[in-house]
4 protein chains.
Amino acid sequence: MHGAATSSELGVYAYAATQVKKAMEATHYLGGENFVFWGGREGYQSLLNTDMERELNHLARFFEAAVAYKKKIGFNGTLLIEPKPQEPTKHQYDWDAATTSNFLRKYGLIGEFKLNIECNHATLSGHSCHHELETARISGLLGNIDANTGDPQVGWDTDQFLVDIQEATMIMLSVVRNGGIAPGGFNFDAKLRRESTDVEDLFIAHIIGMDTMARGLKNVAKLVEDGALAELVRKRYQSFDTEIGAQIEAGKADFDFLEKKVKEWGEPKVASAKQVNPNKLIFHI
Amino acid sequence: MHGAATSSELGVYAYAATQVKKAMEATHYLGGENFVFWGGREGYQSLLNTDMERELNHLARFFEAAVAYKKKIGFNGTLLIEPKPQEPTKHQYDWDAATTSNFLRKYGLIGEFKLNIECNHATLSGHSCHHELETARISGLLGNIDANTGDPQVGWDTDQFLVDIQEATMIMLSVVRNGGIAPGGFNFDAKLRRESTDVEDLFIAHIIGMDTMARGLKNVAKLVEDGALAELVRKRYQSFDTEIGAQIEAGKADFDFLEKKVKEWGEPKVASAKQVNPNKLIFHI
Amino acid sequence: MHGAATSSELGVYAYAATQVKKAMEATHYLGGENFVFWGGREGYQSLLNTDMERELNHLARFFEAAVAYKKKIGFNGTLLIEPKPQEPTKHQYDWDAATTSNFLRKYGLIGEFKLNIECNHATLSGHSCHHELETARISGLLGNIDANTGDPQVGWDTDQFLVDIQEATMIMLSVVRNGGIAPGGFNFDAKLRRESTDVEDLFIAHIIGMDTMARGLKNVAKLVEDGALAELVRKRYQSFDTEIGAQIEAGKADFDFLEKKVKEWGEPKVASAKQVNPNKLIFHI
Amino acid sequence: MHGAATSSELGVYAYAATQVKKAMEATHYLGGENFVFWGGREGYQSLLNTDMERELNHLARFFEAAVAYKKKIGFNGTLLIEPKPQEPTKHQYDWDAATTSNFLRKYGLIGEFKLNIECNHATLSGHSCHHELETARISGLLGNIDANTGDPQVGWDTDQFLVDIQEATMIMLSVVRNGGIAPGGFNFDAKLRRESTDVEDLFIAHIIGMDTMARGLKNVAKLVEDGALAELVRKRYQSFDTEIGAQIEAGKADFDFLEKKVKEWGEPKVASAKQVNPNKLIFHI
């Protein structure tokens, strides 16, 4: 009701620790390779009755204890945190990939956890799924994907099966750039929908979900072979693939040096970003 | 058009560096105490044509060079970053306080910058202003406040003068908890509104804005003297103000220890959060 | 699961009709003065599997039958529809006040129903509560108010007690302009919140809710006596309180006539809307 | 600044009338077949300084005068209103298709106007484009389509070219169900984007936009020939394709009759809506 590791009650913190302990033991016993922390109520309903700093400190202590226990029992699986911004809470501490990364960095836990990105949670936090995947990826934190989607015009989690091949293509683009996500993978949050109730519906939904991801992967194969998308991006940044670009990227271009260059060059010209072209590549495969 | 420090064009990067250099020199010459980076176009319109990792690396190099230049010229003012999630870009890299903190931590810049929180940007990123202020405060990053507000039902920045005394009270609560925000302070983004055009309007708006903040501060004085809000929060967490609570908070309570305690205690009881009570304190002053 | 009057199943339609029949009989027997239709699942999850036109036709038939039954049993209470945009459905047919009015007008039911406005539903549909109340009022449809509020940054119904005196002032402004709302009134959707669980909480919440509305009414009394808000609005439109204004408002000013006038007058001047002034009146009472 | 037909200034109303008069004359002279009213500033920034009822009355007088002038000069083209919810105003009176229909019905203008639906405006008002098209269609109001799209995670109008074939398929589904939309059609709001600036970009964008709509139309042809989508919907409602269904739909089934039937039948059974199946048909063409 008030969270587990961030509960205002010490008894709840201890109880949650015991539950995680047992679940981790079972995962280890069964040969599990991933262990996801879904902090669905680690947050607040009202900031006015909440000591956010203290709650976040408790959460850090909890994760430190989980890491210590993992090492103690010899469990080598990946620990994952699943960002989710809200619902049922007003604010959940694992709001999005960047917020969760910030938490991990602040408390020195960055090497111990990866992220489990869910597309429906991504859109609820105001980001595209692709954004959340890339944000995780470029920090080396992309560990697993919940392949559910939601309705961007609906403000709660609907956990629908993903059927949009274009969205699947963008997801797979991040996965391929990441060199795969093993030992993580994809999983469907397969709950019965209130209005779609035949057993058959669940079968069909799984088949379509898998088929959609597969077609996304095939599309990425085409995009990679074709090379047009990568070439378009390479060209946009080619001014940095130069000697001065290398200096800047190595942190060796100070403001005095850059001012001297600007005096030589005058006002910069800026090329068109050709915004519709990459969309064409993704949507018209 | 594609950002400054995160532009795809090296020439723009260099030009922006020169502009910041000049602005910093002027600030120093004039005895300025704060220097705000408003990254209003540091972001992307389409992730498909964007190398987000490379752009963020460039942004870090840019800030490093700014810090180096600050030290070189002996400018001792505070460097601040102003989070803003979007508009005109689809995604801006300084999305919110947590995202900006993550960036600063990742690139080792956390000690060199503070945050300039704007209430209108807070609501655009899906957070209350109070949340953003507290998020900055508990990481020691609260440096300045843009005291503008927006309409939570409008998806762009309107920069209205803040007239809501309750909102001002919550803002001042963070300021007082922070021990003030000097050398930072409050500033109004005072732009002419398209439909409110008399010179007199700007005067009245400034007066009301200042008056609102002053009344917020007076309310906080009452809240602090009265003590009811602090007492309500203290009570919620009192189970941690114990010997075992101290052990947990010191990182000395491992999962084995906690499991032993749970076996002693049984299922925890959880007290009501009394959600309406703190609201009454704030709204019915 | 698929709605009641708009269900795809005839059996559900008939069952719902029988339930409404019984509820109306009980209301009549008990001397009830209002009868609210809360169409919480009259809508669709997916437009692709939905015949929206046929479902809306069924809804109209259902309401016609309800009106006929009301007359048959001699029940003289007000029939009300409560607009709500979504949750749990993707789209609910009684989306907001204007959408519901459109439905009533299309099917010739406009004289038979009034609206029950809930502030939390108003904000979910992208409108302020004041907007929904005024939209209902100016069409003579304001019949009852559910005095619950929600969080504008949360995309689902939270049904919180309203504690904000300024919001209550704006609500009461509409009520007073409406000449009261009898035989309707205010009601609280008083549900237990998951995290605020003491019996005492419900008492306090009711007291605060009533107190807030009462203070709103007192504020409106001051605003009416003071006259500054009404005067500010009157002045904005005073160019229409003229002979030509009367002609336009009577539908007697055609395009030829207006063109002639424009040739006389030249380009119009436009006065400032003085946007912060009415806010000051409401927020600084 | 405060709107045209809904301006608080009579002089602006008259000036706008003269502009519309001239534009209508030019349209007539050039053989135009459609005349769109884009009420981009007909709304309010603050309801507190606004007499919404009076402004809406003025808007009705303005449209009546436009209809009268159309008849006077013998212009036989379609008059269209383009719904748009907000930006730059907080609230625009032509919020969405249902709100605009309500206005037309209230003022007896329903036979004189059709709607021009823009997909980007649809999503800004919290609806899918398909929803807005269907809402217009089933009231006989679908007259023209602005084939622009936006980003559902962005709260302002971006007027991007539509490249998503699945969305185009749903748009064309409404067009085909409508029996076409002549004399209206499709138009692109072709503005230069700030970051996509080559002349070539505009060409490519138009080509992709047209190609996308064409592929949408081809997909609808397949869907119609295949018949699976129509069959899926037909089956959902087949309980109404019966004698009693016909009675209900003819308004001949009162509550007494339905109660008798329920007593015969008992509790109704409800079939699954098979939600993923129609999505599969649209997304996996």
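The values are calculated or read from the model by the stated rules, or taken from the named source; none is laboratory data. This is a predicted model, so every value here is computed, not measured. Every residue, glycine among them, receives a Cβ derived from its backbone with ideal geometry; neighbour counts consider all protein chains shown. What goes into the accessible areas is simple: the full protein's heavy atoms, side chains included, and nothing from ligands, DNA or RNA. Shrake-Rupley method; radii C 1.70, N 1.55, O 1.52, S 1.80 Å.
Just to make sure I understand: if all protein chains stay in place, what is the order of B:Ile208, B:Ile244 by accessible area at 1.4 Å, largest first? Walk me through the numbers on the way to the answer.
Working: B:Ile208 10, B:Ile244 35 Å².
Ranked from most to least accessible, the order is B:Ile244, B:Ile208.
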What whole-number distance in Å separates the alpha-carbon centres of the stretch A:81-141 and the stretch C:53-105? 42 Å
When the accessible area of the protein assembly as shown is computed with all protein chains present and a 1.4 Å probe, what percentage of it is carbon and sulfur? 54 percent
As a percent rounded to 5, the proportion of antiparallel DSSP bridges among beta bridges in chain A is 30 percent
Roughly how many nanometres apart are two label points built 7 Å out from the Cα toward the Cβ at B:Glu25 and A:Lys22? 6.9 nm
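Using the beta-carbon distance between D:Phe257 and D:Ala214 and R0 = 45 Å, what value does 1/(1 + (r/R0)^6) give for FRET efficiency, to the nearest 0.05?
Once the sixth-power term is evaluated, E becomes 0.35.
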Over all Cα pairs of the stretch A:10-226, how is the pair count split among 5 Å bins, expressed in % and running from 0 up to the last occupied bin? 1, 7, 13, 17, 19, 17, 13, 8, 4, 1, 0, 0
Between A:Ala68 and B:Lys72, what is the FRET efficiency for a Förster distance of 45 Å, r being their Cβ-Cβ separation, to the nearest 0.05? 0.50
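I'd like the antiparallel share, as a percent to the nearest 5, of DSSP beta bridges with both residues in the stretch D:90-221.
Rounded to the nearest five, the antiparallel share is 35 percent.
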Computed, not fitted: 222 nm per-residue ellipticity of chain C from DSSP H runs ≥ 4 (each -39500 (n - 2.57)), nearest 500, equal to -16000 deg cm²/dmol
Zone reached by a paramagnetic label modelled 7 Å from D:Glu200 Cα along Cα→Cβ, restricted to the stretch A:207-242 with backbone N below 13 Å, covers A:232, A:235-236
Evaluate the charge dipole of the stretch D:234-283 about its Cα centre and quote only its size in Debye, nearest 20, assuming +1 on the Cβ of each Lys and Arg and -1 on the Cβ of each Asp and Glu. 440 debye
Among D:Pro268, D:Tyr237, D:Gln247 the positive-end extreme of the charge dipole of the stretch D:234-283 (Cβ point charges): D:Tyr237
Between 0 and 90 degrees, rounded to the nearest ten: what's the tilt of helix B:10-29 against the longest Cα principal axis of chain B? 80 degrees
Suppose we keep just the DSSP beta bridges with both residues in the protein assembly as shown; what percent of those would be antiparallel, to 5? 30 percent
A:Asp151 long-range amide H proximity, modeled H, under 5 Å: A:Thr158
Taking only C-alpha pairs under 8 Å that are 6+ residues apart, what is the relative contact order of the stretch B:167-232 in percent? 58 percent
Relative contact order, percent, of chain C when contacts are C-alpha pairs under 8 Å separated by at least 6 residues? 13 percent
Given unit charges at Cβ for Lys, Arg (+) and Asp, Glu (-), the dipole magnitude of chain C about its Cα centre in debye, nearest 20, is 640 debye
Compute the angle between helix B:165-177 and the longest alpha-carbon principal axis of chain B, please, reported from 0 to 90 degrees and rounded to the nearest 10. 80 degrees
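Quick one: putting +1 on the C-beta of Lys and Arg, -1 on the C-beta of Asp and Glu, what dipole do you get for the protein assembly as shown around its Cα centre, in Debye to the nearest 20? Please list the in-between numbers first.
Working: 124 positive and 156 negative charges, 0 e Å.
Result for the protein assembly as shown is approximately 0 debye, rounded to the nearest 20.
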Apply the Karplus parameterisation 6.51 cos²θ - 1.76 cosθ + 1.60, with θ equal to phi minus 60°, to every residue of the stretch A:213-221 and state each ³J(HN,Hα) to the nearest whole Hz, in sequence, with x for glycine and proline. 5, 5, 5, x, 5, 4, 4, 5, 4
Collect residues whose amide H, placed 1.01 Å from N in the peptide plane, falls under 5 Å from the amide H of D:Val36; neighbours closer than 5 in sequence don't count. D:Leu80
Unit charges at the beta carbon, dipole of the stretch D:27-146: most positive-side option, D:Thr78, D:Ile145, D:Thr123: D:Thr78
At 1.4 Å probe size, what's the solvent-accessible area of C:Ser239? Round to the nearest 10 Å². 30 Å²
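Just to make sure I understand: if all protein chains stay in place, what is the order of C:His121, C:His206 by accessible area at 1.4 Å, largest first?
C:His206, C:His121
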With all protein chains modelled, accessible area of B:Lys106 [1.4 Å, Å²]: 70 Å²
What order do D:Glu264, D:Glu55 take when sorted by accessible area (1.4 Å probe), most exposed first? D:Glu264, D:Glu55
Relative to the first principal axis of the alpha-carbon coordinates of chain B, what is the inclination of helix B:52-73, with its axis defined by its Cα atoms, in degrees from 0 to 90 and to the nearest 10? 80 degrees
In sequence order, calculated HN-Hα J values of the stretch D:238-248 (Karplus, 6.51, -1.76, 1.60; Hz; x Gly/Pro): 5, 5, 8, 8, 9, 4, 5, x, 5, 4, 4
